[in-house]
Amino acid sequence: MSLTVFIPVRKGSERVSEKNTRNFAGFEGGLLELKLKQLETFELADEIVVSTNDERSWEIAYRFLDDIKNLKLVKRPDALGNAESNLSDLISYVAEITASEEILWTHVT
């Protein structure tokens with residue numbers, strides 16, 4: 001059985017500006033950096049996918065490519081990266097970008 005950890009990080013937040021990438025608890029890359037640090041030693045996943053339409057999130061995740069060998073960065077389509085995006089469309093999208101049998105969906109927030 002194969003396992004993918006999926007981390008959706010969309011640009012913009014209606015309630016908290018830049019909530020995923022702004023400095024948090026000593027992590028310059030915010031909640032996204034914290035989540036990726038937690039996953040650095042997670043050995044059960046065949047791949048860890050960060051899907052984002054946010055340039056800052058891309059930069060933060062990109063810094064982990066050497067430390068997390070199975071990290072995959074995927075540009076999220078704009079239609080799936082706004083507050084009005086349909087959750088079922090995002091779920092279908094995940095199935096398109098990974099061949100894993102099992103998907104663990106985790107948010108940085």
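What follows is calculated from the coordinates using simple rules that are stated; it is not laboratory data. Model, not experiment: these values are computed from the prediction. Please note: Cβ atoms are built from the backbone with ideal geometry, for glycine as well, and neighbour counts cover all protein chains shown.
State the label only: which of [x] 61; [y] 46; [z] 50 corresponds to percent of Cα pairs over 18 Å apart computed from the shown model?
[y]
Tell me, what ³J(HN,Hα) does each residue in region 55-65 have, in order and in whole Hz, if you take phi through Karplus 6.51 cos²θ - 1.76 cosθ + 1.60 with θ = phi - 60° and put x for Gly and Pro?
4, 5, 4, 4, 4, 5, 5, 4, 5, 9, 4
Long-range amide H contacts for L71: which residues qualify at under 5 Å (H placed 1.01 Å from N, peptide plane, sequence gap of 5 or more or a different chain)?
I48
For region 33-40, in order, what is each residue's ³J(HN,Hα) by Karplus, 6.51 cos²θ - 1.76 cosθ + 1.60 with θ = phi - 60°, in whole Hz (x at glycine and Pro)?
Karplus values, whole Hz, x for Gly and Pro: 4, 4, 5, 5, 4, 5, 8, 4.
Amide H neighbours of I103 under 5 Å, counting only residues 5+ apart in sequence or on other chains, H built in-plane at 1.01 Å?
Long-range HN contacts for I103: T4.
Can you tell me the dipole magnitude for the chain around its Cα centre, using point charges on the Cβ only (Lys, Arg +1; Asp, Glu -1), in Debye to the nearest 20? Before the final figure, lay out the partial values.
Working: 13 positive and 19 negative charges, 70 e Å.
Dipole magnitude for the chain comes out near 340 debye.
List every residue whose amide H lies under 5 Å from the amide H of F24, counting only residues 5 or more places away in sequence or on a different chain, with H placed 1.01 Å from N in the peptide plane.
Correct list: G30.
Stretch N86-L44 to full length: gain in nm at 0.36 nm per residue minus the Cα-Cα span? Show your work: numbers first, answer last.
Working: separation 42, 0.36 × 42 = 15.12 nm, distance 2.93 nm.
Answer, rounded to one decimal: 12.2 nm.
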